[in-house]
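Structure first, then comments.
The values are calculated or read from the model by the stated rules, or taken from the named source; none is laboratory data. Only a predicted model underlies this, so the values are computations on that prediction, with no experimental measurement involved. Glycine also receives a Cβ, built like all others from the backbone with ideal geometry; neighbour counts cover every protein chain displayed. To get the accessible areas, we keep the full protein, side chains included, count just its heavy atoms, and leave off ligands, DNA and RNA. Shrake-Rupley method; radii C 1.70, N 1.55, O 1.52, S 1.80 Å.
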There are 4 protein chains.
Amino acid sequence: MADKTRIAILGASGYTGAELVRLLARHPHVEIVALTADRKAGEQMSDVFPHLVMLDLPTLTSIDQVDWSGVDVVFCALPHATTQVVLAGLPAHIKIVDLSADFRLRDPSAYEKWYGHPHQAIELQKEAVYGLPEFYRADIAKARLVANTGCYVAASIIPLVPLLKAGVVEPDPIVIDAASGVTGAGRGAKEANLFAEVSEGFHAYGVGGHRHSAEIDQELTVAAGREVMPSFTPHLLPQNRGILATCYVRGDAEAVHRALKEAYAGEAFVHVLPFGRTPATRHVRGSNHCLIGVVADRQPGRAIVISAIDNLVRGASGQAVQNMNIMMGWPETTGLEQLPLFP
Amino acid sequence: MADKTRIAILGASGYTGAELVRLLARHPHVEIVALTADRKAGEQMSDVFPHLVMLDLPTLTSIDQVDWSGVDVVFCALPHATTQVVLAGLPAHIKIVDLSADFRLRDPSAYEKWYGHPHQAIELQKEAVYGLPEFYRADIAKARLVANTGCYVAASIIPLVPLLKAGVVEPDPIVIDAASGVTGAGRGAKEANLFAEVSEGFHAYGVGGHRHSAEIDQELTVAAGREVMPSFTPHLLPQNRGILATCYVRGDAEAVHRALKEAYAGEAFVHVLPFGRTPATRHVRGSNHCLIGVVADRQPGRAIVISAIDNLVRGASGQAVQNMNIMMGWPETTGLEQLPLFP
Amino acid sequence: MADKTRIAILGASGYTGAELVRLLARHPHVEIVALTADRKAGEQMSDVFPHLVMLDLPTLTSIDQVDWSGVDVVFCALPHATTQVVLAGLPAHIKIVDLSADFRLRDPSAYEKWYGHPHQAIELQKEAVYGLPEFYRADIAKARLVANTGCYVAASIIPLVPLLKAGVVEPDPIVIDAASGVTGAGRGAKEANLFAEVSEGFHAYGVGGHRHSAEIDQELTVAAGREVMPSFTPHLLPQNRGILATCYVRGDAEAVHRALKEAYAGEAFVHVLPFGRTPATRHVRGSNHCLIGVVADRQPGRAIVISAIDNLVRGASGQAVQNMNIMMGWPETTGLEQLPLFP
Amino acid sequence: MADKTRIAILGASGYTGAELVRLLARHPHVEIVALTADRKAGEQMSDVFPHLVMLDLPTLTSIDQVDWSGVDVVFCALPHATTQVVLAGLPAHIKIVDLSADFRLRDPSAYEKWYGHPHQAIELQKEAVYGLPEFYRADIAKARLVANTGCYVAASIIPLVPLLKAGVVEPDPIVIDAASGVTGAGRGAKEANLFAEVSEGFHAYGVGGHRHSAEIDQELTVAAGREVMPSFTPHLLPQNRGILATCYVRGDAEAVHRALKEAYAGEAFVHVLPFGRTPATRHVRGSNHCLIGVVADRQPGRAIVISAIDNLVRGASGQAVQNMNIMMGWPETTGLEQLPLFP
């Protein structure tokens, strides 16, 4: 094991933490050497996540018990704000993939606006690379800190960025109507996420101004070369995993389809379906794949572009492993070959 | 029982048929005298729907076995096309609430375009009244044949028609992003509606040109006094009941809210939530209520209007009973007082 | 309204509280005059339960704000232990239906054994009547305090008590394998009841010695006239409502069926299916009905008896209303005519 | 690829077929060379199962189009009866793992009793080896035809066989109360398996005499050395995957736990939880693992033993791959290292 890359997962008791363990435990080049969960320090991972009972894993510890000299790569799945403070204190030899929102907004004033307090690690923010692998591969390869793209944002910008770059859709109006499985809300014990409050029902939330909007705007604006501010409405689905983003754009649907086919030709994890077919979240469950479909609206000059990802994999832990693979110079699909689990 | 209105339900073996029985069996002014289901003729309703085992109901028959002289009101829940032929043959003394799509499009050429064959009962179409109670109450009161509004259409036009009438939103662009529980697809044994194909997943269907678009266009065009053709995308939810329609419009959100409050003041079944709150389908489950919420988009000049109904009640059988109540001159809420079942 | 019976619901912010409101708001002889929820005092019921937005209800208060002089009947849906203290302090003119476990065990030492502390209201315990309507109707009619039967217990003893009374099954061994929807666990924000922890999975809990065992033993022992101690295992279902109890007994299956048919002939809420048919929880959803099926095991001399109820209705709030109806001398089905909601 | 073992999957359009593809497409020693589905011949696997769109797979063919000379191993996921005829016609060089029930009952008269017609391939039946890997490993290694254990049966006999062999439980009475996700019923378009008929509900089926009983009896009888005929009741869960078997036995619970720990020490796929803990189906989802828990009943001398598997993996396709690994002399876990997918 001596030559394996040594991994610490901070915040291992949440769903993205467990998903990192699922993926990394079978990754051929790494070894998990530390798992932290401050409130569950001393417990076994199999007490917290019985589905991992068949693994031999380190005991959960608090963050300050980690011996950083034995760690090569940190995956950080801590809450926002806490993340800034913890990551700013890590030794310089450690590479970091951060799954929080803390380092995704390049403009610190945008962070302050949406999160209500000044950014605590502005220097670190300056060196952070935005972690959408297909868009920033070269920068990620050289980065020490990668800010993993958020789940709704990944589902939205993977289909839209190439269209704005290619100029085949108008930057305004764009409507992104998206829906997510409930694991996107984490494992916190909140009434709103109880089975009886989520099952057999559907509703929108954060309507009009969800935090993730800022991250979407940032990347669409870069792609378009002018300010873009789509309407974006997230909804909560009565299911565990999956995000579907239904995007309404102005542009020729066939040109839209062509632009996406070209942009993602050769990509291992992004698949553009034949024109007129559309994806379902259940067909990417448990995998790092993103499926995209394009349909012409009955209104001439309008197209509907739909993407599907698993929010815990492509929208979080799988994409984080993909980013690590790039940072380490390994083939991008290493440890991510799992096929979707259906049904 | 002699003075009760005598009801026949045609197509009683589907979900809307069973829902009609649930509501009408407890309606104080009616008596169910005939239930038809051609392929299940001779069976008991409790064989087909065990949840009705506690009722004493007529045996299922084929349509041609019904003694029409003993029937005052027909609820028709037959497939489209069949419906036209059956209803055209009914005696003139019978009032009809039709739950199919056959008589909803006033323009026979629109029917032919979307359904692929000429309308078989054009004379009957001429006398049919469109069955959205809050909009056409006076006409419904005088009608012999009411064409019950479709489920997606009800969820879409209840919030949008008053806005177009009041002129507080632009007729174009409008995006209606809607999602329905699977009972909207009926009880037919199709692979696509199996539990394993529907649960734990979400997808769009009929993208770009769903049949229900024509009905939405018709009513929005009447309301706006000019042609309106919104983008409309239905999605399938992993749940039994409920439609949520998330509508993106251009207009001042507060004016939108005011217009809806005014339009539905005094309505028993339509409730406009306080500004900024949005509804969930689970909060109308099993009831005839429609909840509407209005939020200002972060883009100035845009509003998001969201409605929630139970597709089998307000989108089908409950609305049908409401229409019958109007046709018969009874209080509109008779037999529809059930509160939502949550959780 | 002056002649309506005035109702207070204590603990109105839980699922059984909301279900009491759903049923009592449409009950012709009562008026809800007080709703308590200590931690939500000052809020509207529609803030806590948006599905009740169409009702005009009293504001939530703390218990000590209730004017007991204006209350005729109390429904108590408080946690156990608290219940004892609160109910012991109520004025003598108030009739009480208690939905907690506090007054169900006639033997105070059994209470102390299972709940870990001495009973705080032993005098009140002495006058409490056990609230399974079909078994204790005469006593309930005269009672001031009725201890509503627990949900698992109702599902278990409704099929088994008549069999033991009739002597058609052996008292030992009896296995009760039961499963409940998650609303049985209440609305508390616990990780174990999150959607992601409950959906797409099934497990047993409280195996070997669930608290409800004592209540089951008590009633089966009374019925058999000797000590009965079945094996009882509860399981958690990925659904909101419903309990299914699959009971394995020794006895002749046809005699078992006959005994149940006789015991429940004429009962409005208990239905024994034809021999060989078995019930499903979805077919009683939202209703006060109990369905029972009997099948012969392939092992001669053994029978399988299966019952289905809605845990929130027949297992809690509906049964509580049924008990009130008996206490008040009203027809037992008053306000409980709702048919099951399927699907 | 020349040295890879060449695989044909017969009946690839069902759920177990798709699951075989999911597992075998990532198995390092095999190559899928033929996929049959008579009614879908000519279609692509990705048309039938869009979650496999990222794979390059053979086009679906009918069985008679397969070139058997290029096939080394057949996985047969055809319906029973058909299976016998097809497998009897295969060339002798082909090894077979059969997932149907056709070759599981060693006694042809037992087959005839439960399936209603004489067995069509009695010679083949004689050489078939029963495919529960942990029990028949040595025989499987030498077999040409392995009859993969059924899903309910695997969940039942994995915990019970070692107990009967060790003599720590009495052979009678044993109650096996089991519940399965709906994928166990296959992908056929049946009303009973529609989402709306399965979700939010729970029921037993095949009560008193399910076909799988014969297979359970066969293996328990071998283990006990005398006839064993447990009560066995299957139930349908509102979830896709997973079987939980709750088994009620007479015996000392701690001795039961010890016997299971000993029997499965060193097994890769069977895990006996610490005494008093019990498993959940969600914690084995998508994996080949079986979890077992043991609890003492409150009745002295009785124990409750609970097992959990994924019916499509350990109960079908994963076990089939495990059997192939044994037949081919490969490490038993090859291609089966996937961890459970939770949530």
Open item on the list: Please determine whether any residue of segment B:42-49 is more than 9 Å from every other protein chain (Cβ to nearest Cβ), touching a strand residue (DSSP E or B) at 6+ places or on another chain (Cβ under 6 Å) and open to solvent by 50 Å² or more (accessible area, probe 1.4 Å).
Closed with: yes
Open item on the list: Consider segment D:194-212. How many of its residues are among the polar types (S, T, N, Q) and surrounded by fewer than 24 Cβ atoms within 10 Å (Cβ to Cβ)?
Closed with: 0
TODO: Go through (1) closer than 24 Å to D:ASP47 by Cα; (2) touching a residue at least 24 places away in the same chain (Cβ under 8 Å); (3) under 23 Å from the mean Cα position of the chain (by Cα) and name the single condition B:LYS190 misses.
DONE: (2)
- [ ] Could you look through segment A:286-343, keep only residues that are modelled with pLDDT of 95 or more and basic (Lys, Arg), and pick out the one that is most open to solvent (accessible area, probe 1.4 Å)?
- [x] A:ARG302
- [ ] Return yes or no: is D:ALA18 open to solvent by less than 10 Å² (accessible area, probe 1.4 Å) and in contact with a strand residue (DSSP E or B) (Cβ under 9 Å, 6 or more places away or on another chain)?
- [x] no
Task: Lone unmet requirement of (1) surrounded by fewer than 17 Cβ atoms within 10 Å (Cβ to Cβ); (2) not in a loop (DSSP other than H, G, I, E, B) for C:LEU23 - done: (1)
Task: Of all residues making up segment B:218-230, the number that are facing chain A (nearest Cβ under 10 Å) and open to solvent by 30 Å² or more (accessible area, probe 1.4 Å) - done: 1
Open item on the list: I'm trying to understand the selection: among the residues of segment A:231-257, which are more than 12 Å from chain B (Cβ to nearest Cβ), touching a residue at least 60 places away in the same chain (Cβ under 8 Å) and either assigned to a helix (DSSP H, G or I) or open to solvent by less than 40 Å² (accessible area, probe 1.4 Å) (or both)?
Closed with: A:GLY251, A:ALA255, A:VAL256
- [ ] Would you be able to tell me the number of residues in segment D:71-97 that are of a type in the set (Gly, Ala, Ser) and exposed (fewer than 13 other Cβ atoms within 10 Å of the Cβ)?
- [x] 2
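Yes or no, residue by residue, for (1) part of a helix (DSSP H, G or I); (2) in contact (Cβ under 8 Å) with a residue 12 or more places away in the chain; (3) within 18 Å of D:HIS235 (Cα to Cα):
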{"residue": "C:GLU267", "(1), (2), (3)": "no, yes, no"}
{"residue": "C:HIS271", "(1), (2), (3)": "no, yes, no"}
{"residue": "C:PHE275", "(1), (2), (3)": "no, yes, no"}
{"residue": "C:THR278", "(1), (2), (3)": "no, yes, yes"}
{"residue": "C:ARG282", "(1), (2), (3)": "yes, yes, yes"}
{"residue": "C:GLY286", "(1), (2), (3)": "no, yes, no"}
{"residue": "C:ARG298", "(1), (2), (3)": "no, no, yes"}
{"residue": "C:ILE306", "(1), (2), (3)": "no, yes, yes"}
{"residue": "C:ARG314", "(1), (2), (3)": "yes, yes, no"}
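Condition check ((1) modelled with pLDDT under 95; (2) not assigned by TED's automatic domain parsing to the domain that holds D:ALA259) across all residues:
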site: D:ARG104; (1), (2): no, yes
site: D:SER109; (1), (2): yes, yes
site: D:GLN120; (1), (2): yes, yes
site: D:GLU134; (1), (2): no, yes
site: D:LYS142; (1), (2): no, yes
site: D:ILE157; (1), (2): no, no
site: D:ASP177; (1), (2): no, no
site: D:SER199; (1), (2): no, no
site: D:GLY206; (1), (2): yes, no
Task: Qualifying residue in segment C:185-193 (condition: out of contact with any helix residue (DSSP H, G or I) (no Cβ under 7 Å at 6 or more places or on another chain) and surrounded by 24 or more Cβ atoms within 10 Å (Cβ to Cβ)) - done: no
Open item on the list: C:GLY276 - would you say it is within 12 Å of chain D (Cβ to nearest Cβ) and at positive phi?
Closed with: yes
Open item on the list: Testing C:ALA138 on (1) in contact (Cβ under 8 Å) with a residue 12 or more places away in the chain; (2) within 30 Å of C:GLU267 (Cβ to Cβ), one condition comes back false. Which one is that?
Closed with: (1)
Task: Flag for D:ILE326 being within 14 Å of chain C (Cβ to nearest Cβ) and touching a residue at least 12 places away in the same chain (Cβ under 8 Å) - done: no
TODO: Return the only residue of A:VAL270, A:VAL249 being over 21 Å from A:ARG314 (Cβ atoms) and out of contact with any Gly (no Cβ under 9 Å at 6 or more places or on another chain).
DONE: A:VAL249
Open item on the list: Within segment C:160-181, does at least one residue satisfy the condition of being open to solvent by 10 Å² or more (accessible area, probe 1.4 Å), within 23 Å of C:ALA77 (Cα to Cα) and assigned to a helix (DSSP H, G or I)?
Closed with: no
Task: Matching residues in segment B:199-217 - criterion: being in a loop (DSSP other than H, G, I, E, B), facing chain A (nearest Cβ under 7 Å) and in contact with a strand residue (DSSP E or B) (Cβ under 6 Å, 6 or more places away or on another chain) - done: B:GLY201, B:PHE202, B:VAL207, B:GLY208
